[in-house]
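Written out below as structure tokens is the structure these notes cover.
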Amino acid sequence: MYIKICGLTKIDQAQAIAQMGVNAIGFICVSSSPRYITTSAIAQITTSLIPDYPTIDLIGVFLNASAEEICQTVEQGGLNGVQLHGDESPEFCHEVRSHLDQLQPNINSNIKLIKALRVKDQAGLEQAQRYSDVVDVILLDAYDPQMAGGTGKTIDWQMLRDFRPHCDWWLAGGLSPENVEQAIALVCPSGLDVSSGVERSAGDKDLSKVKEFVRKLVRPSPLSPLPKGEKGTKN
Ligand SMILES: O=C(O)c1ccccc1NCC(=O)[C@H](O)[C@H](O)COP(=O)(O)O
């Protein structure tokens, strides 16, 4: 299961979270958010992570930004993923893809393009299918009339049981160490995205909650030794 921890603002927390083996870290490039982080602060974090974690996805989250602004932040911040969290159309996603492709000769890996949709009802879910040919990943987040993201609200997971786009899709919205197992028992996303459910306050992650979230998803291999004091089953 692909795991993304979103809304990081602190370098020491980013390093600790990368060490837990997550697949991606997200940065909120939206100035009105309490989790906003400047491009230069993103660059300090990405520069510190890349030598030790060369395969980690470093994703900028944008809200109705222009393609030029997105590309500038990607280049200056050392990002390799873009998450569009506003009202961006499939046509705009296509335009961003073309702009990002022009950056790629300067950057080592392909830049992942993610479209987040805030799902209110079945009609909203049908809208999501329109993006599956123009982005790498569809991210489904909860709808809130006031907030664009990081709401801590969950989607009605029952509604997502038959959601099968042509591309990868990630589940977001109100996930936490307490409910993540229940969520993936009901729906089958290829990835999970969490922010406020593993925080002390906006932008300040609670490392023990992040660790617990990851632990719930990463099953130990059958060959790994049992923790001290636990007995295996004999057959
Ligand atoms: O987190 C924010 O403050 C934010 C602001 C504006 C646009 C998007 C934002 N966050 C997007 C995310 O990727 C969150 O991880 C996602 O909404 C899930 O949040 P949560 O329900 O708190 O786990």
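The values are calculated or read from the model by the stated rules, or taken from the named source; none is laboratory data. What you see is a predicted model, and the numbers here were worked out from it, not measured in a lab. Every residue, glycine among them, receives a Cβ derived from its backbone with ideal geometry; neighbour counts consider all protein chains shown.
Pull out all pairs, ordered by first then second residue, where Cβ-Cβ is under 9 Å, the residues are six or more apart or on different chains, the first lies in region 91-105 and is under 11 Å from residue 70 (Cα atoms), and the second is exposed (fewer than 13 other Cβ atoms within 10 Å of the Cβ) and at pLDDT 95 or above.
Filtered contacts from region 91-105: 99/68.
Going through 30, 61, 82 one at a time, which residue ends up being among the aliphatic types (A, V, I, L, M), under 17 Å from the mean Cα position of the chain (by Cα), modelled with pLDDT of 95 or more and surrounded by fewer than 22 Cβ atoms within 10 Å (Cβ to Cβ)? Steps first, please.
Values: 61 fails: surrounded by fewer than 22 Cβ atoms within 10 Å (Cβ to Cβ); 82 fails: surrounded by fewer than 22 Cβ atoms within 10 Å (Cβ to Cβ).
Matching residue, one of 30, 61, 82: 30.
Kindly provide the set of residues from region 105-130 that are over 18 Å from residue 7 (Cα atoms), within 16 Å of the ligand (Cβ to nearest atom) and either modelled with pLDDT of 90 or more or among the charged types (D, E, K, R) (or both), ordered by number.
Correct list: 119, 120.
Please work out if residue 140 is within 16 Å of the ligand (Cβ to nearest atom) and either closer than 25 Å to residue 205 by Cβ or surrounded by fewer than 15 Cβ atoms within 10 Å (Cβ to Cβ) (or both). Give the derivation first.
Numbers: within 16 Å of the ligand (Cβ to nearest atom): yes; either closer than 25 Å to residue 205 by Cβ or surrounded by fewer than 15 Cβ atoms within 10 Å (Cβ to Cβ) (or both): yes.
Against the criterion (within 16 Å of the ligand (Cβ to nearest atom) and either closer than 25 Å to residue 205 by Cβ or surrounded by fewer than 15 Cβ atoms within 10 Å (Cβ to Cβ) (or both)), residue 140 qualifies.
Considering only region 25-53, how many residues are farther than 19 Å from residue 199 by Cα and either part of a loop (DSSP other than H, G, I, E, B) or near the ligand (Cβ under 10 Å from one of its atoms) (or both)?
Total meeting the criteria: 6.
For the condition of a type outside the set (Ser, Thr, Tyr) and either more than 28 Å from residue 37 (Cα to Cα) or loosely packed, with under 15 Cβ neighbours inside 10 Å (or both), what is the one hit in 216, 205? Talk me through it step by step, then tell me what you get.
On the way: 205 fails: either more than 28 Å from residue 37 (Cα to Cα) or loosely packed, with under 15 Cβ neighbours inside 10 Å (or both).
Going through 216, 205 in turn, the sole match is 216.
Any idea which residue in region 148-158 is nearest to the ligand (Cβ to nearest atom), counting only those that are in contact (Cβ under 8 Å) with a residue 40 or more places away in the chain and in contact with an Asp or Glu (Cβ under 8 Å, 6 or more places away or on another chain)? Walk me through how you get there before you give the answer.
Taking region 148-158 as the starting set, the residues that turn out to be in contact (Cβ under 8 Å) with a residue 40 or more places away in the chain are 148-152.
Restricting the remaining residues to those that are in contact with an Asp or Glu (Cβ under 8 Å, 6 or more places away or on another chain) gives 149, 151.
Working: 149: 2, 151: 5 Å.
Taking the candidates together, the pick is 149.
Go through region 166-224 and give me each residue that's within 27 Å of residue 125 (Cβ to Cβ), within 15 Å of the ligand (Cβ to nearest atom), of a type in the set (Gly, Ala, Ser) and out of contact with any helix residue (DSSP H, G or I) (no Cβ under 9 Å at 6 or more places or on another chain).
Those that are within 27 Å of residue 125 (Cβ to Cβ), within 15 Å of the ligand (Cβ to nearest atom), of a type in the set (Gly, Ala, Ser) and out of contact with any helix residue (DSSP H, G or I) (no Cβ under 9 Å at 6 or more places or on another chain): 172, 173, 191, 195, 196.
Out of curiosity, is residue 102 farther than 21 Å from residue 4 by Cβ and surrounded by fewer than 22 Cβ atoms within 10 Å (Cβ to Cβ)?
Details: farther than 21 Å from residue 4 by Cβ: yes; surrounded by fewer than 22 Cβ atoms within 10 Å (Cβ to Cβ): yes.
Judged against the criteria, residue 102 is a match.
Is it the case that region 88-95 has a residue that's of a type in the set (Phe, Trp, Tyr) and within 19 Å of the chain's Cα centre (by Cα)?
Keep residues of region 88-95 that are of a type in the set (Phe, Trp, Tyr), which gives 92.
Those still in the list that are within 19 Å of the chain's Cα centre (by Cα) too: none.
No, every residue in region 88-95 fails to be of a type in the set (Phe, Trp, Tyr) and within 19 Å of the chain's Cα centre (by Cα).
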